[in-house]
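The structure under discussion appears below in the form of structure tokens.
All of the numbers you see were taken from the coordinates with simple rules; none came from a lab. Here the structure is a predicted model, which means the values were calculated and not measured. All Cβ positions, glycine included, derive from the backbone under ideal geometry; neighbour counts span all protein chains shown.
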Amino acid sequence: MRPLPLAAAAVAAPRAALRLLGRGLAAAMSTAGPLKSVDYEVFGRVQGVCFRMYTEDEAKKIGVVGWVKNTSKGTVTGQVQGPEEKVNSMKSWLSKIGSPSSRIDRTNFSNEKTISKLEYSNFSIRY
């Protein structure tokens, strides 16, 4: 029995929608002003307090991409990329808020630059 064209379209539609959504996100980010990239390192009580998980959640809420990971010296480091105003919101969160049980003593930002396109497709925790 041959598959119905409607059934085939229904199976293909979610994939097509996801491709369009992915392109839409990249297009939306590229038209929202200049794209920025910045590296960061957060000092204080930032390990063992779900800091990476909250950072990933906040990055996804704000709409930036990049990564976060613990370091062997007890800090948290990573990179954030996205439209300038969204990167600035994330920088503020990394400097002042963090996870509920964390204590941020200071946050260093480095290698801040304008980029032509995003180098990541999402925000992730690295190990």
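In this rough spin-label picture, where each label sits 7 Å from Cα along the Cβ direction, the ILE97-GLU85 distance is 1.6 nm. In this rough spin-label picture, where each label sits 7 Å from Cα along the Cβ direction, the ILE115-SER72 distance is 2.6 nm. In terms of packing, defined here as the mean over residues of other Cβ atoms within 10 angstrom, the peptides 115-127, 90-102 line up highest first as 90-102, 115-127.
Within the shell defined by Cβ-Cβ distances under 14 Å, the residues around VAL42 carry a net charge of +3, with Lys and Arg each +1 and Asp and Glu each -1.
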